[in-house]
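Below: the structure, in C-alpha cells.
FYI, it's all coordinate maths here, none of it is from the lab. The structure displayed is predicted, hence computed values, not measured ones. For neighbour counting, all protein chains shown are included, and Cβ atoms are generated from backbone atoms with ideal geometry for every residue, glycine included.
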Amino acid sequence: MTDCLFCKVIAGDIPGAIVHQDGALVAFKDITPQAPLHVLIVPRKHIPSLNDLSSEDDALVGSMFRCAAALAKQHGYHERGYRTVFNTNREAGQSVFHIHLHLLAGRALAWPPG
Ligand code: AMP
Ligand code: ZN
C-alpha cells in the first residue's frame, strides 16, 4: 500500500533497523523504544488492524508470535521474560495501521498496562 509507513519500511523506501526478514515477515527496531529490546514484527502483507484478519491469515499470525519468541531467545530474554502486544484502534493507541506485534524485553514490565 503506497501510503503506509510500514509498507515503506518493508520496501526499503524508509530506513529501518532490520533484525530479521523472511518471505512473510520483516522485524525492525522500534524508533521510540519503550524497553531495552523493542522490536516490531510486521507481515509483508498489508493488513490494517486485527479487525481485518481472516482465517487465511492464521498461519501468518502464528509465525509472528514464533518470530517474537525466536528473537527473545536470540537476545537472551526468553527465560527472564518478555511481552508481545498488538494495539488495535484508538483506545489501545494504535498509530500505524499495518499490523505489527510489539516485542518488549529487558526490564520489568508493569501490569496492568497503562
Ligand atoms: P502502535 O502505536 O501500536 O501503532 O505502534 C507503532 C509503533 O511504530 C510505535 O511504537 C512507534 O514508535 C513506531 N514507529 C513509528 N515510526 C517508525 C519507524 N519509522 N521505524 C520504526 N518504528 C516506528
Ligand atoms: Zn502497510
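I need the semi-axes of the equivalent ellipsoid of the chain: take the C-alpha gyration tensor, multiply each eigenvalue by 5, square-root it, list largest first in whole angstrom. Let's see the in-between values first.
Numbers: eigenvalues 90, 52, 43 Å².
So the equivalent ellipsoid measures 21, 16, 15 Å along its semi-axes.
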### Query
Which Cα, out of H98, F28, S54, lies furthest along the positive dipole direction of the range 5-105 (beta carbon charges, K/R +1, D/E -1)?
F28
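State the extension gain, in nm to one decimal, for the chain segment bounded by Q21 and D58, taking 0.36 nm per residue of separation less the distance between their alpha-carbons. Walk me through the intermediate numbers first.
On the way: separation 37, 0.36 × 37 = 13.32 nm, distance 1.90 nm.
Additional length available on full extension: 11.4 nm.
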### Message
Given the DSSP H assignment, sum -39500 (n - 2.57) over each helix run of at least 4 residues in the chain and divide by its residue total; what's the result at 222 nm in deg cm²/dmol, nearest 500?
### Response
-7000 deg cm²/dmol
### Query
In a GNM of the chain with a 10 Å cut-off on Cα contacts, which of G76, G93, G16 has the highest mean-square fluctuation?
G93
### Message
Can you give me the distance in nm between label points at A11 and R44, each placed 7 Å from the Cα along the Cα-to-Cβ direction?
### Response
1.5
### Query
Are there cysteines in the chain with no other Cys C-beta under 4.7 Å, and if so, which?
C67
### Query
Size of the dipole of the chain about the Cα centre, Lys and Arg at +1 and Asp and Glu at -1 on the beta carbon, nothing else charged, in debye to 20?
420
## Note on the structure
Checking the range 27-114 for GluC sites (Glu not before Pro) in a loop per DSSP with at most 16 other beta-carbon atoms within 10 Å yields E79
